[in-house]
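This report concerns only the one structure given below.
The values are calculated or read from the model by the stated rules, or taken from the named source; none is laboratory data. On a predicted model such as this, the values are computed, not experimentally measured, just so you know. Positions of Cβ are generated from backbone atoms using ideal geometry, with glycine treated the same way; all protein chains shown enter the neighbour counts. These area figures cover heavy atoms from the full protein model, side chains too; ligands, DNA and RNA do not enter into them. Shrake-Rupley method; radii C 1.70, N 1.55, O 1.52, S 1.80 Å.
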Amino acid sequence: MKSYQVDKDGYYGEFGGAYIPEILHKCVEELTNTYLTVLNDESFKQEFDQLLRDYVGRPSPLYLARRLSEKYGCKIYLKREDLNHTGAHKINNTIGQILLARRMGKTRIIAETGAGQHGVATATVCALMNMECIVYMGKTDVERQHVNVEKMKMLGATVIPVTSGNMTLKDATNEAIRDWCCHPADTYYIIGSTVGPHPYPDMVARLQSVISEEIKKQLKEKEGRDCPDYLIACVGGGSNAAGTIYHYLDDERVRIVLAEAGGKGIETGQTAATIQLGKMGIIHGARTFVIQNEDGQIEEPYSISAGLDYPGIGPIHANLASQHRATVVAINDDEAIEAAYELTKLEGIIPALESAHALGALKKIKFKPEDVVVLTVSGRGDKDIETYLA
Ligand SMILES: Cc1ncc(COP(=O)(O)O)c(C=O)c1O
């Protein structure tokens, strides 16, 4: 049977793999040889599940949004990752990876961040586990997400502003990889999305897959069937989407809709619509779609949302799109803002700007009244209030 999961060599179709500098070979190999054993180990599972329950507050609710449903003429459930401790789905992954890092005997944690949510989630688990934490963040993002920067500092992390490129997520990731190359022995790099060399995309997808595991149970209770007609999520690197779809990947009854950031419009050059505009390339250790110019140079992406502002895309999603398993829509800045206001007014929920892109996708689909839709609200909008009010 055809599967959309990773293969034994770390590829999703022709996407993925591990394209890394020589100096990192040993650490990536060590990680590849360790992660599945640890993730499947009973004591790991117990500790992970207990922290997800008692610290993060899982399961996150599956909320039937009545007024939103009425507006779009179908039944819309929101998977409320915004209610997690630290305000987004990112914490699911950081808890899993820090438990792994401890089991691998690592003492120093590094991370990259765009919107700051992954940085906050990493700084949080480092405080919890009493580990040193260094977060790389583009200077542009430091400025537009300054509340998250203050939180990271309060949590004891060192935030290093990155001034190369257009000073956003791509540049922060470059610096984190550089740091890792200098300290391969004691440092564990907690990557915040389904990007990077194998095994990261698969590992992050597995750690986030608690989202779809819960959706299955919750839908069964509420609807008497465990599969929806549609799953909708936004994609930056792709981790909340991967978690949302993980247990439905090979169930073709479920339609998958991925919302990427159109920025000012995909034809304007100011966009982060990687799946639609990207060409095959290598970015941060993985073979995937990359927004690049004719010479293969990575183009600077643009989105109003710091968490979607990335010129690559997780290999899992690149494959789903190229196999036509997923429908990809680009949601522009103004459409996302409109969708955020709509959710706020109809349901009293202020979503993160990233999640607002998933909400923007509702307008692009023709639903039938009997359709059951699950849309992941990946985070809360507190960090974006200034942008919403601007
Ligand atoms: C709330 C929220 N949603 C979505 C994303 C996008 O990341 P991913 O595609 O890995 O879910 C981010 C990234 O920072 C985020 O903060």
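No other residue among LYS216, LYS220 is modelled with pLDDT of 95 or more, out of contact with any helix residue (DSSP H, G or I) (no Cβ under 8 Å at 6 or more places or on another chain) and assigned by the TED database to the domain that holds GLY312 apart from LYS220. Among the residues of the range 127-168, the ones that are over 18 Å from ALA272 (Cα atoms), of a type in the set (A, V, I, L, M, F, W, C) and part of a loop (DSSP other than H, G, I, E, B) come to 3 in all. Could you say whether any residue in the range 73-91 is surrounded by fewer than 18 Cβ atoms within 10 Å (Cβ to Cβ) and either more than 16 Å from the ligand (Cβ to nearest atom) or at positive phi (or both)? Scanning the range 73-91, I find at least one residue that is surrounded by fewer than 18 Cβ atoms within 10 Å (Cβ to Cβ) and either more than 16 Å from the ligand (Cβ to nearest atom) or at positive phi (or both), so the answer is yes. Taken over the range 215-254, the criterion of being open to solvent by 10 Å² or more (accessible area, probe 1.4 Å), away from the ligand (no atom under 16 Å from the Cβ) and part of a helix (DSSP H, G or I) is satisfied by LYS216, LYS217, GLN218, LYS220, GLU221, LYS222, GLU223, HIS247.
Taking every residue in the range 65-88 that is part of a helix (DSSP H, G or I) and pairing it with any residue that is modelled with pLDDT of 95 or more and aromatic (Phe, Trp, Tyr), at least 6 positions away or on another chain, the pairs with Cβ-Cβ distances below 7 Å are TYR72/PHE367. Within 22 Å of PRO315 (Cβ to Cβ), at pLDDT 95 or above and surrounded by 17 or more Cβ atoms within 10 Å (Cβ to Cβ), is that true of ALA157? The answer is no for ALA157.
Can you confirm whether SER305 is crowded, with 24+ Cβ neighbours inside 10 Å and in contact with an Asp or Glu (Cβ under 6 Å, 6 or more places away or on another chain)? Taking the combined requirement at face value, the residue satisfies it. When you look at GLY224, is it under 17 Å from GLY312 (Cα atoms) and not polar (S, T, N, Q), yes or no? For GLY224, the condition - under 17 Å from GLY312 (Cα atoms) and not polar (S, T, N, Q) - is not met. Would you check which residues across the range 332-390 are open to solvent by 10 Å² or more (accessible area, probe 1.4 Å) and near the ligand (Cβ under 9 Å from one of its atoms) and list them? GLU354, ARG380, LYS383 - these are the residues of the range 332-390 that are open to solvent by 10 Å² or more (accessible area, probe 1.4 Å) and near the ligand (Cβ under 9 Å from one of its atoms).
Residue-level analysis places GLU112 among those that are assigned by the TED database to the domain that holds VAL142 and surrounded by 23 or more Cβ atoms within 10 Å (Cβ to Cβ).
Does the range 285-304 contain at least one residue that is outside the structural domain of MET167 (by the TED database), in contact (Cβ under 8 Å) with a residue 60 or more places away in the chain and within 12 Å of the ligand (Cβ to nearest atom)? Looking through the range 285-304, none of the residues is outside the structural domain of MET167 (by the TED database), in contact (Cβ under 8 Å) with a residue 60 or more places away in the chain and within 12 Å of the ligand (Cβ to nearest atom). Counting only residues that are open to solvent by 80 Å² or more (accessible area, probe 1.4 Å), in contact (Cβ under 8 Å) with a residue 24 or more places away in the chain and more than 26 Å from LYS217 (Cα to Cα), the range 21-64 holds 2 of them.
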